[in-house]
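Chemist: I'd like to ask you about the structure that follows.
Coordinate-derived values only; no laboratory data. Owing to the predicted nature of the structure, the values given are computational and were not obtained by experimental measurement. Cβ placement follows ideal geometry from the backbone for every residue including glycine, while neighbour counts extend to all protein chains displayed.
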Amino acid sequence: MFVVNRFRVPVAEAEGFREQLERVQALYAAAPGHLAGGIGRNLDDPELWVLQSAWAGVGAYRRALAGHEAKLLAVPLLSRAIDEPSAFEEVRDGVPLGDLDRVIEGRDPEARGGRRDH
């Protein structure tokens, strides 16, 4: 799964905000289950920023936000995010929608050769 947080930040606050994003990105990168991430600023609208991250599953992302350091760094930053849905499941060929998280985290019996009742 991946997370896309968008922010609207006045240009005058850009450097300080960038530093906050970089600290949160480093926190995420050190968390178990973090796969990739990045920071971006819109080319046409320099007040529009994005923090994106990819995770092994929604549980890994939630655990990353549960720690003390995350509550000090990430939660205040995320409170500035544009109020919109931010968590997305990755759509992969051959994986039913909604099942990717279970397959990646090893909770899907079919992925381990077992049978899953529907």
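Chemist: Compute, for segment 2-112, the length of the dipole vector about the Cα centre, with Cβ point charges of +1 (Lys, Arg) and -1 (Asp, Glu) only. Units Debye, rounded to 20.
Modeler: Details: 13 positive and 18 negative charges, 79 e Å.
With only Lys, Arg, Asp and Glu charged at Cβ, the dipole is about 380 debye.
Chemist: When the chain is fully extended, how far beyond the present Cα-Cα distance does ALA26 get from ALA56, taking 0.36 nm per residue of separation? Don't jump to the answer; show the numbers that get you there.
Modeler: Numbers: separation 30, 0.36 × 30 = 10.80 nm, distance 1.68 nm.
Going from the current span to full extension adds 9.1 nm.
Chemist: Taking the Cα centre of segment 1-55 as the origin and placing charges on Cβ (Lys, Arg +1; Asp, Glu -1), which of HIS34, SER53, PRO10 is farthest toward the positive end of the dipole?
Modeler: Result: HIS34.
Chemist: To continue, here is another question. Give me Rg/Rg_expected for segment 2-112, where Rg uses Cα atoms only and Rg_expected = 2.2 N^0.38 Å with N residues.
Modeler: That works out to 1.17 for segment 2-112.
Chemist: So how much slack lies between HIS68 and ASN42, counting 0.36 nm per residue of separation and subtracting their Cα-Cα distance, in nm?
Modeler: That pair, HIS68 and ASN42, stretches by 6.3 nm at full extension.
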